[in-house]
Amino acid sequence: GFEGCVAGYGSAMIDPEIGICIRQVTSGIANLFILVPIFGMMAGGINVSTDLVVQAFTSAPAMGWFALSGLLSFITFMTWYAGNSMCGAGLGTSCNATYSFFGPLFCLLVLGVYGGMDGWALPSVAWIGAVLMMLGILTISMNPLDLLRKKKMEVE
């Protein structure tokens, strides 16, 4: 909601790459210095979070995964910010919300069906909810009456 409005307004005045950089650096600093210590204190002490951060930053395999996730996050945020500046925050955010359907679907297909991992099948009530959310998103992003109207044929 609010982030989409700010991102759409801000990326209309500056390049989306700059907006993404500002957003991600701010988010990373806030997560590292505010949330991680709070979660560490909730888990039993600040030393827990300090140890996990040191292990994450000194692990070569973890840094590779961090770099890959950063690249993929850049691509997704870039398209989202560009979409918000082109079509508005409401439509951009509603299209972004399709992850509620496609996230579980691709986890089921990639990890469950192709990967052979157990536990990725959702109960039917979750699938019904995901389909209802997709229908709501389609309703937000277009006028449903346009599907029922006859198209006028243009004669040349």
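The values are calculated or read from the model by the stated rules, or taken from the named source; none is laboratory data. No experiment lies behind these values; they were computed from the predicted model shown. Methodologically, a virtual Cβ is constructed for each residue, glycine included, from the backbone with ideal geometry; neighbour enumeration extends over all protein chains shown.
Could you tell me whether Cys107 is free of Cβ contacts under 8 Å to residues at least 12 places away in the same chain and closer than 30 Å to Pro16 by Cα? Spelling it out, it is not the case that Cys107 is free of Cβ contacts under 8 Å to residues at least 12 places away in the same chain and closer than 30 Å to Pro16 by Cα. Inspection of region 34-46 finds no residue satisfying the criterion of being at pLDDT below 85 and within 21 Å of the chain's Cα centre (by Cα).
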